[in-house]
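The structure appears right after this line, and notes come after that.
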Amino acid sequence: LHHKPFYSNKMKNNSKSGSDSKMELENLKEFYSGCIFDYSAVATRPGSDGFWFDFMADCGDGFNSSYQIARMLAQKNICVNGRDTKTKMCLPRGEFLVIGGDLAYPDPTRESYEKRFFRTFEDAMPPPPSFRRSNIATQKPDLQPIGWKQCSQDNKGFEGYKGPSTFIIPGNHDWYDGLATFTRFILCRNWLGGWLMPQERSYFALKLPQGWWLFGMDLALYGDIDINQYKFFADVAKHQVAPSDAVIIVTHEPHWVTDFEHKTKVDDLSEENIRELMNTHLRGKVRARIAGDLHHYTRHVPVARSHQRSRNLKRSISFDGKSPKHKHSDQSDTLFEPFVEENKPELIVSGGGGAFLHGTHTFSKHIKVGENQNEYTRTCAFPSEKISHRIAWLNMWHFRWRNWRLDIVWAAFYLALVYSLFPLCGIYADYESFNPSHNPILLPIWSIKKVFSLMWRIIIFERVSLIFCSITVILCLMLQAGETKMRPVARFSWGLCLAFAHITAALICLIFVQSVAEWVVENGVVNVSPENGSPPVGSTDGINLASSLYNEYSTHFSHIFTNFTEVNPNKLIYQLSGTTLSGVQSFPYLRQSWKWIKNIPLLTTTMGIFDLPGSITQNHHDICSILCSDGTECLTMHDPAKYNSIGRTTFAPYIAAIALYFIFIAVPIAGGISGTWLALSMNVFSIQADLGFSSLQLQHWKNYLKLHVKENGDLEIFAIGLNRVPTRWIKDPQWSSRKENDSGIPSWAWKKPSKWKALDERLKKYMPVIIDGVRIQKRRISPLSPTNNPK
């Protein structure tokens, strides 16, 4: 925390020389230790045509996606397909990597950071041999690690370091423990794999070549920078950012999207301090804003108004990515436009570093940003809206098996919803009286009638079922509480639809299993022994399933096991004379043990236990005989006195047995209802994007950015996309880490720095593609006119 203001000896001097500016930068770096880093003097790589750096966000989830992105970032050069897939271009590795937060999911624990974040980057590009996980860095950066040679130039400090570095801002998931794990693992470590981590704060400022700056801001959980960050960036802007410089602001959350989606009022918009910084100290200088948090790629550009079109001012130029080199007109006879309203930044979201996919079709294409409600439109989305729309429908049949752990929840909750209604005595007789001809058209009518009848019974008489029905309604309404896209009445109604669907499904499953339990008695499928010695009215002689199964076993299969136990052991010893003697001699004991087991009625007992139809129907008949005695009507309600007189030895086995059939039917229906509701929510109402896509757990459609500061001062941004992520890996035979380490060569100088490679990496679907490209000028420029031509 910096409580004292920064004071410059040159504050009163309006015209500073280059040496004064450099001295002032050193003073700022000393005052804000570990926050400012200078890349403006980094030597340009041969053939790179400028300065390159990378950006990615939202990593640390599954290995396949996170490692593939880290592996691509680790390569010295990566060849990607253009949009037409016929042309290729090779892009160099960035001088540094900016990571935009959410380093590990779901919580920032030591285990998740190590396993989901650090290990993937270490496999992509190993750290120095001297790296220890328990080490706490007290002096950063570690420019000369033990075991690596010639990592930096002498007497040049950080500016002389030759390898790649990384700068990281925390996301909302990193703040869940108060930033404790982030502080220990990021701010107190020197290495993320082969990337040097020099920062000492959760925010930073990077000075780039050609007058560009990158500000990494920590929004914490409040959607804004704190006052200390504001002072820091204000000091850097005041004392170092020149009038002709341009700034890139990197944050974790794209509030320009989320504020509009949540219909936030202008007075309650996020990033109040950032907007104040942009309107004063950085007025007209912010040319691009980059964020993650949403796990897809989008780019919004400001909509030109009519009076702006007449001025014919270029704000940025999109290109197809076929070549990183573009011909530009000579700008020697141009000047910078003054700080006018048209200098609005490009707004880019790139959160495809490894976490589950977020769709793009649920977010508005046209948005309004800031207190002035400036109009922006989306020019690119990955995956496209069409593909995203199709993916959302997968919830209808993929939701249940991708979230199979919820089966326990569905089973317990559905059983609790109908617990008070067991048993439905006379339900099949009621159906027979309503539809004696078994007309299939009348079946849904009767079912609907019974569902509403049972709902009314729950409301009036039943306590347990009423409690869980109320909980179901409350939970479904809570799912809709934050969806401000819908009006309150519509939001309330759509939540009730989900609750009503689950309750109705549970009641239909109950009606079905209870009807079958009575149908098997009426049609003589199983045998029931009535207490009064006479069979139930209308029933025929049934069968005892357990006895029938045992008789079938005794008649057709028992002789196989009998012959097995009558084998002559002496003959067997002769036949197996080549085997181990101790094993052969033990055979008589095994035979004797088998005969002893045969004397126990184990098979008969087991079949009796698993004679669920017989157990259910017998207990159902016994319970209904008590509840419906003396001609009492027991379908629409139960007499509490008679209900309490049922013995536990009768009711408990009945519930346990029939619950297995009920759960077997109810669980798939519950998953299908939830998945269908989510699919309709996303594709019809454009809501529930986070829940709907996280449930699919898709690891494909990943992306990251490569940014290029050209020698003429333009900024090119290449969005690299992966339509599919490899899922099968093998150790790269060309990866020789021990040989390289023994020779002292840093991992970032290896030809093959990554340990694993995809088994079928040459498949077209795994090839990276340029999904978007944009060239941003530092300022809008217009030709010099005779009236403003300086002499």
Sorted by accessible surface (1.4 Å probe, heavy atoms of the protein chains only), largest first, ILE69, ILE669 come out as ILE669, ILE69
Output the direction-averaged projected area (hull surface divided by four) of the convex hull of the alpha-carbon atoms of segment 46-121, in nm².
6.1
May I have the pair-distance distribution P(r) for segment 606-708, computed from all Cα-Cα distances with 5 Å bins from 0 and rounded to whole percent?
2, 9, 12, 12, 10, 9, 8, 7, 9, 9, 4, 2, 2, 2, 1, 1, 0, 0
Compute the length gained on full extension between SER433 and SER130: take 0.36 nm times their separation in residues and subtract their Cα-Cα distance, giving the result in nm to one decimal.
100.7 nm
With the full set of protein chains in place, find how many percent of the accessible area of segment 618-709 is carbon and sulfur; take the probe as 1.4 Å.
65
Past the 18 Å Cα-Cα mark, which pairs from LYS29/LYS238; LYS88/LYS757; LYS88/LYS765; LYS702/LYS765?
LYS88/LYS757
Could you tell me what percent of the accessible area of segment 456-528 is made up of carbon and sulfur, with a 1.4 Å probe and every protein chain present?
75
Tally up the carbon and sulfur contribution to the accessible surface of segment 382-452 as a whole percent, 1.4 Å probe, everything protein left in place.
71
Rounded to the nearest 10 Å², what accessible area does CYS469 have for a 1.4 Å probe in the complete protein model?
20
Could you state, as a whole-number percent, how many of the C-alpha pairs of segment 400-495 are farther apart than 18 Å?
64
Hey, which of these cross-link pairs are over 31 Å Cα-Cα: LYS115/LYS265; LYS386/LYS710; LYS115/LYS706?
LYS115/LYS265; LYS386/LYS710
Treat each spin label as a single point 7 Å out from the Cα along the C-beta direction, and report the LEU691 to LYS22 distance in nm.
5.9
Scoring segment 625-777 by relative contact order with C-alpha pairs under 8 Å, at least six apart, yields a percentage of 19
What number comes out for accessible area per residue over segment 350-405 if the probe is 1.4 Å? Units Å², please.
48
With all protein chains present and a 1.4 Å probe, how do ARG110, ARG378 order by accessible area, largest first?
ARG110, ARG378
Using 1/(1 + (r/R0)^6) with R0 = 22 angstrom and r between the beta carbons of ASP267 and ASN372, what's the FRET efficiency to the nearest 0.05?
0.95
With a 1.4 Å probe and all protein chains left in place, how much accessible area per residue does segment 683-772 have, in Å²?
44
State to the nearest 20 debye the size of the charge dipole of segment 448-495 about its Cα centre, where the only charges are +1 on K and R beta carbons and -1 on D and E beta carbons.
160
FRET efficiency for TRP456 and ILE655 from the Cβ-Cβ distance with R0 = 22 Å, rounded to 0.05, comes out at 0.40
Length added when fully stretched, LYS115-THR636, from 0.36 nm per residue minus Cα-Cα:
181.9 nm
Per residue, how much accessible area does segment 185-273 have with a 1.4 Å probe, in Å²?
30
Could you tell me the extents of segment 104-205's C-alpha atoms along the three principal axes, largest first, rounded to whole Å?
41, 29, 20
Residues of segment 132-146 with amide nitrogen under 17 Å from the 7 Å Cα-to-Cβ point of ALA749?
143-146
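The values are calculated or read from the model by the stated rules, or taken from the named source; none is laboratory data. Here the structure is a predicted model, which means the values were calculated and not measured. So basically every Cβ, Gly included, is an ideal-geometry build from the backbone, and we count neighbours across all protein chains shown. Ligands, DNA and RNA are excluded from the accessible area calculation, which covers all protein heavy atoms including side chains. Shrake-Rupley method; radii C 1.70, N 1.55, O 1.52, S 1.80 Å.
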